[in-house]
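K.L.:
Quick one: structure below, then a few questions.
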Ligand code: MG
């Protein structure tokens with residue numbers, strides 16, 4: 001084991017209730033919070049029993065062992081509740097995490113049932129890893145409640161899953177790759193129902209010592225009402241055996257940087273699709289006059305959702321839903337690759353179309369210029385377009401010096417024409433002017449009285465502009 005953890009905790013009864021029905025565990029490398037429910041001491045018994053059995057039942061550091069221990073805790077609470085009438089209907093939430101073996105490496109495995117939560121505080125961001133198994137969360141996820149409405153909903157204490165209610169329970173289990181400076185916060189609803197997550201994050205950022213940070217979170221919950229028992233367990237990753245450095249180098253060298261960001265997003269999104277969201281047992285939580293949880297439990301059999309099989313009972317390592325960090329990371333890379341390919345393909349299509357248009361323009365326009373000293377019709381544009389260089393279309397016998405003076409600049413620059421016909425018309429017009437002027441020159445000065453009619457046009461006649469010349 002190269003990963004080292006450090007943990008701290010705090011718990012208080014709060015300002016309204018008389019009994020603390022929360023229990024916590026910070027021994028044998030297992031960290032857990034259980035929030036018990038049930039009158040006549042049932043809640044205390046349920047949470048304490050779940051924690052005790054969990055601690056005893058974990059026989060090896062694997063996610064399977066942790067999950068089996070949580071199932072054993074469920075069986076123990078259910079059995080105890082069946083034995084004593086006064087404990088009938090008791091139950092408890094359970095959130096637990098443990099450093100486990102994962103091949104040659106290590107991971108943090110967590111299990112959850114009920115509405116206690118596990119958060120990951122990484123790089124200044126607080127991420128809720130667990131999904132609340134509550135009626136309000138189901139409604140929120142279905143879009144029937146906004147986050148704000150869910151936070152104050154009067155029925156937010158109704159659980160859809162808890163330990164001890166049924167002989168079988170679906171327990172969520174996942175693993176996370178631990179990196180140095182990660183902080184895990186396991187807490188009962190007495191914390192997050194009173195303290196906003198932004199304040200929880202600020203506290204985790206501000207206070208380094210896990211005991212002190214846990215105590216501060218509990219104090220804040222009390223300050224904001226303290227209407228329930230409050231329990232916080234904070235687990236810090238203080239050494240990861242160089243995993244974060246290795247990951248940073250790998251991330252910096254590849255697009256996995258994006259995947260890492262997507263991992264968290266996917267992780268959040270993945271909660272929506274997490275198996276076990278269906279109602280398996282409905283457990284209204286209400287408070288007794290003495291402030292303890294009392295519950296008239298009614299339940300339906302735990303029914304794994306179609307297609308889930310026993311995935312979440314087994315939490316098969318390497319399955320798509322587990323190991324979400326790496327699994328979704330890979331999916332993200334694949335997703336990105338397809339998007340990049342599609343984007344590149346679209347760019348190529350656009351670029352190809354642009355080149356085609358330019359080529360069409362370049363190869364379907366003409367100009368009249370010089371080739372050596374002869375007026376020549378070129379196909380293309382005078383400067384060429386991209387790699388489409390102008391080519392000689394027709395040569396003429398009109399010499400540079402014959403070109404009417406007023407046309408010389410235009411021809412020298414290359415007089416553009418929209419078609420070969422127009423270019424030929426332009427050249428013909430030049431030739432006509434040249435011929436007219438040649439006929440009129442030299443102008444023989446009259447030596448006698450002028451005859452009845454002049455001979456042809458004179459040089460004083462301005463040449464007609466070529467009709468084909470575009471403006
Ligand atoms: Mg509670």
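Any read-out appearing in this document is the output of simple, stated calculations on the displayed coordinates, not a laboratory observation. From a predicted model like this one, the values you see are computed outputs, not experimental measurements. No Cβ is skipped: glycine too gets one built from the backbone with ideal geometry, and neighbour counts run over all protein chains shown.
K.L.:
Would you calculate the volume per residue, in Å³, of the smallest convex hull containing every Cα atom of region 35-75?
P.N.:
That works out to 55 Å³ per residue.
K.L.:
Next question, about the same structure. Neighbouring Cβ atoms within 10 Å as the yardstick, rank 23, 198 fewest first.
P.N.:
198, 23
K.L.:
Let me ask something else. Using all Cα-Cα distances in region 200-252, what percent lands in each 5 angstrom bin from 0 up to the longest?
P.N.:
4, 17, 21, 15, 13, 11, 8, 7, 4, 1
K.L.:
Please state the shape class of region 106-178: rounded when a/c is under 1.5, otherwise prolate if a/b exceeds b/c and oblate if not, all from the C-alpha gyration tensor.
P.N.:
Oblate.
K.L.:
Report the dimensions of region 1-83 along its three principal axes from the alpha-carbon atoms, largest first, rounded to Å.
P.N.:
43, 31, 13
K.L.:
Consider all pairwise Cα distances in region 164-217 and report the whole-number % of them above 16 Å.
P.N.:
57 percent
K.L.:
Checking the a/c ratio against 1.5 first, then a/b against b/c, what shape does the Cα gyration tensor give for region 17-174?
P.N.:
oblate
K.L.:
Sticking with this one: State, as an integer percentage, the relative contact order of region 351-394 based on alpha-carbon contacts under 8 Å between residues 6 or more apart.
P.N.:
Averaging sequence separation for qualifying contacts and normalising by length gives 33 percent for region 351-394.
K.L.:
What's the center-to-center distance, using Cα atoms, between region 131-190 and region 399-444 in Å?
P.N.:
Computed from Cα coordinates, the inter-centre distance equals 88 Å.
K.L.:
Turning to a different aspect of this structure: When you count, for each residue, the other Cβ atoms within 10 Å and take the mean per peptide, how do 368-380, 160-172, 407-419 rank with the highest first?
P.N.:
Descending mean neighbour count gives 160-172, 368-380, 407-419.
K.L.:
Can you sort 90, 200, 37 so the residue with the fewest Cβ neighbours within 10 Å comes first?
P.N.:
If I rank by nearby Cβ atoms, fewest first, I get 200, 37, 90.
K.L.:
Which of 85, 92, 131, 125 has the fewest other C-beta atoms within 10 Å, and how do the rest follow up to the most?
P.N.:
The fewest-first ordering by Cβ neighbours comes to 85, 125, 131, 92.
K.L.:
Of the peptides 381-389, 39-47, 174-182, 228-236, how do they stack up when ordered by the mean number of other Cβ atoms within 10 Å, highest first?
P.N.:
The packing order, highest mean first, is 228-236, 39-47, 174-182, 381-389.
K.L.:
Given that compact globular proteins tend to follow 2.2 N^0.38 Å, what is the ratio of the alpha-carbon Rg of region 339-422 to that value?
P.N.:
For region 339-422, the normalised Cα radius of gyration is 1.47.
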